[in-house]
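Only one structure is covered here, and it is reproduced in the block below.
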Amino acid sequence: METSLPVGKLPPELLSQLIQSAPTTGKRVVLGPGIGLDCAVLDLGETYLVFKSEPITFATDEIGWYSVQIAANDIATTGAVPRWMLITLLLPEGKTTPELVAEIGRQLFDTCRQMGILVIGGHTEITYGLDRPIANTTMIGEVSPEHLVTPQNARPGDRVLLTKGVPIEGTAIIARELASRLADAFSSEEIKTAQDFLYEPGISVVRDAAIAISAGKVSAMHDPTEGGIANALWELAVASSSSLHVDLDAIPVPGLSARLCRHFSLDPLGTIASGALLLTAPPEEAEKILAAYRQAGVACADIGQVESGPARVWYGKTTSPKELPQPRRDEIGKIFESPSS
């Protein structure tokens, strides 16, 4: 009997095999699918269009708001401006009311208006076999060819920076979806604070990306999502064909996030981490970017550097570094999977 795969992203080697079997190249394709390459880029001459599809599967509370923010994050990491969106909503049979549909629509459309994004299409249906809504967003952005940023361009000698901390998204999801399981260990104020991580420090990195691009020369940006910062570092290493050497102690983990992760025996470095922006820049440019973040009141840490070598992530002393394991799944999947999995 074949073993079924766990909840979360496909294992990297299986995903790589899948991508290799797909038709991915063409005259206008600037960037196609690949490990660590979250967006597709098409050349339309004077402008590039940037595409991203992103599902929301763990979160149900504020799912419409999530859908817009998470997809816009990936668009922003390319230096592009999010402009258009298509949304697919799969709603659960027996649980979907007109009020639920209206509320998700309100979340989606209010967020798009606030961000200047137009809704240009999509699909909605009530689907059997679901116990919760699932949303999939396709976001389209626009960037000039000279301003395109991709994870492929991290270079040896670049500094590795991380904004805000981790796992911001994981903290919000746990507190919003599993509040009843926290009452014995956390105060109501702590639970509310964790729930509000959605907005403060917030899961959007659109502003983070804009600040960095305006301040200095950014070589690469990446949005840590499933698998947390540990997986994001690996994806960046693979995409840029470089080694990364990081100081794990320099990665900011808010105290409340650390406690929530301990409560469920999760590794905070492997827990879904939207809200943090991972970026690389030459040392002199990194200093400008760090200064710009300080001025803007955005926390940012220098957590390591890019090195020549195979696509690996290292930590510890430079004389005897240890390899950081690539997560096989997101840590948060442990508390959402069915007991029989």
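The values are calculated or read from the model by the stated rules, or taken from the named source; none is laboratory data. Remember, predicted model here, so these are calculated numbers, not experimental data. When we count neighbours, we look across all protein chains shown, and the Cβ atoms used for this are built from the backbone with ideal geometry, even at glycine.
Tell me the residue from Leu161, Leu182, Leu178 that is assigned by TED's automatic domain parsing to the domain that holds Gly228, within 22 Å of Leu278 (Cα to Cα) and of a type in the set (A, V, I, L, M), please. Full working, then the answer.
Working: Leu182 fails: within 22 Å of Leu278 (Cα to Cα); Leu178 fails: within 22 Å of Leu278 (Cα to Cα).
Every option except Leu161 fails the conditions.
Is it fair to say Pro151 is buried (at least 19 other Cβ atoms within 10 Å of the Cβ), touching a His at 6+ places or on another chain (Cβ under 6 Å) and not basic (Lys, Arg)?
Numbers: buried (at least 19 other Cβ atoms within 10 Å of the Cβ): yes; touching a His at 6+ places or on another chain (Cβ under 6 Å): yes; not basic (Lys, Arg): yes.
Considered against the rule, which asks whether it is buried (at least 19 other Cβ atoms within 10 Å of the Cβ), touching a His at 6+ places or on another chain (Cβ under 6 Å) and not basic (Lys, Arg), Pro151 comes out as yes.
Could you tell me which residue of the stretch 1-19 is farthest from Ile332 (Cα to Cα), considering only residues that are touching a Lys or Arg at 6+ places or on another chain (Cβ under 9 Å) and surrounded by fewer than 16 Cβ atoms within 10 Å (Cβ to Cβ)? Reasoning before the result, please.
At the first step, the residues of the stretch 1-19 found to be touching a Lys or Arg at 6+ places or on another chain (Cβ under 9 Å) are 5-9, 11-12, 15.
From the residues that got through so far, the ones that are surrounded by fewer than 16 Cβ atoms within 10 Å (Cβ to Cβ) too are 5-6, 11, 15.
Values: Leu5: 15, Pro6: 12, Pro11: 16, Leu15: 20 Å.
Per the stated criteria, the residue is Leu15.
Here is a yes/no grid of residues against (1) in contact with an Asp or Glu (Cβ under 8 Å, 6 or more places away or on another chain); (2) over 30 Å from Thr3 (Cα atoms); (3) of a type in the set (Lys, Arg):
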| position | (1), (2), (3) |
| --- | --- |
| Ala239 | no, no, no |
| Ile251 | no, yes, no |
| Leu256 | yes, yes, no |
| Glu285 | no, yes, no |
| Arg312 | yes, no, yes |
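List the pairs whose first member sits in the stretch 319-335 and is in the same structural domain as Ile174 (by TED's automatic domain parsing), whose second member is surrounded by fewer than 21 Cβ atoms within 10 Å (Cβ to Cβ) and assigned to a helix (DSSP H, G or I), and whose Cβ atoms are under 7 Å apart, counting only residues at least 6 apart or on separate chains?
Listed pairs, sorted by first residue: Gln326/Pro12.
Determine whether the stretch 20-29 contains at least one residue that is in a helix (DSSP H, G or I), surrounded by fewer than 17 Cβ atoms within 10 Å (Cβ to Cβ), of a type outside the set (Ser, Thr, Tyr) and not assigned by TED's automatic domain parsing to the domain that holds Ile173.
Yes, some residue in the stretch 20-29 is in a helix (DSSP H, G or I), surrounded by fewer than 17 Cβ atoms within 10 Å (Cβ to Cβ), of a type outside the set (Ser, Thr, Tyr) and not assigned by TED's automatic domain parsing to the domain that holds Ile173.
Going by what's in this entry, would Asp184 be described as of a type outside the set (Ser, Thr, Tyr) and part of a helix (DSSP H, G or I)? If you could, list the steps in order and put the result at the bottom.
Details: of a type outside the set (Ser, Thr, Tyr): yes; part of a helix (DSSP H, G or I): no.
Taking the combined requirement at face value, the residue does not satisfy it.
Counting only residues that are over 29 Å from Pro33 (Cβ atoms) and in contact (Cβ under 8 Å) with a residue 60 or more places away in the chain, which one in the stretch 166-180 is surrounded by the fewest Cβ atoms within 10 Å (Cβ to Cβ)?
Filtering the stretch 166-180 for residues that are over 29 Å from Pro33 (Cβ atoms) and in contact (Cβ under 8 Å) with a residue 60 or more places away in the chain, the one surrounded by the fewest Cβ atoms within 10 Å (Cβ to Cβ) comes out as Leu178.
Name the single residue that is farthest from the chain's Cα centre (by Cα) among those in the stretch 209-237 being among the β-branched types (Val, Ile, Thr) and either in the same structural domain as Phe58 (by TED's automatic domain parsing) or under 21 Å from Gly333 (Cβ atoms) (or both).
So, considering only residues that are among the β-branched types (Val, Ile, Thr) and either in the same structural domain as Phe58 (by TED's automatic domain parsing) or under 21 Å from Gly333 (Cβ atoms) (or both), the one farthest from the chain's Cα centre (by Cα) is Ile229.
Outside the structural domain of Arg207 (by TED's automatic domain parsing), part of a helix (DSSP H, G or I) and among the basic types (Lys, Arg), is that true of Arg113?
Yes, satisfied.
Of the residues Ile87, Ile75, which single one is within 15 Å of the chain's Cα centre (by Cα) and β-branched (Val, Ile, Thr)?
The conditions single out Ile75.
Can you name every residue in the stretch 35-59 that is on the phi > 0 side of the Ramachandran plot and either surrounded by 11 or more Cβ atoms within 10 Å (Cβ to Cβ) or hydrophobic (A, V, I, L, M, F, W, C) (or both)?
Hit for the stretch 35-59 is Gly36, nothing else.
Among the residues of the stretch 195-204, are any closer than 20 Å to Val68 by Cβ, part of a loop (DSSP other than H, G, I, E, B) and in contact with an Asp or Glu (Cβ under 6 Å, 6 or more places away or on another chain)?
Within the stretch 195-204, one or more residues are closer than 20 Å to Val68 by Cβ, part of a loop (DSSP other than H, G, I, E, B) and in contact with an Asp or Glu (Cβ under 6 Å, 6 or more places away or on another chain).
Being at pLDDT below 95 and of a type in the set (D, E, K, R) is the filter here, so list the residues in the stretch 11-47 that pass it.
Across the stretch 11-47, the qualifying residues are Glu13, Lys27, Asp38, Glu46.
Among the residues of the stretch 163-176, are any in contact with a strand residue (DSSP E or B) (Cβ under 6 Å, 6 or more places away or on another chain) and either modelled with pLDDT under 95 or not in a loop (DSSP other than H, G, I, E, B) (or both)?
yes
Have a look at Ile75, Ile87, Ile104 and point out the one that is assigned to a strand (DSSP E or B), buried (at least 20 other Cβ atoms within 10 Å of the Cβ), at negative phi and touching a helix residue (DSSP H, G or I) at 6+ places or on another chain (Cβ under 9 Å).
When all the criteria are applied, what remains is Ile87.
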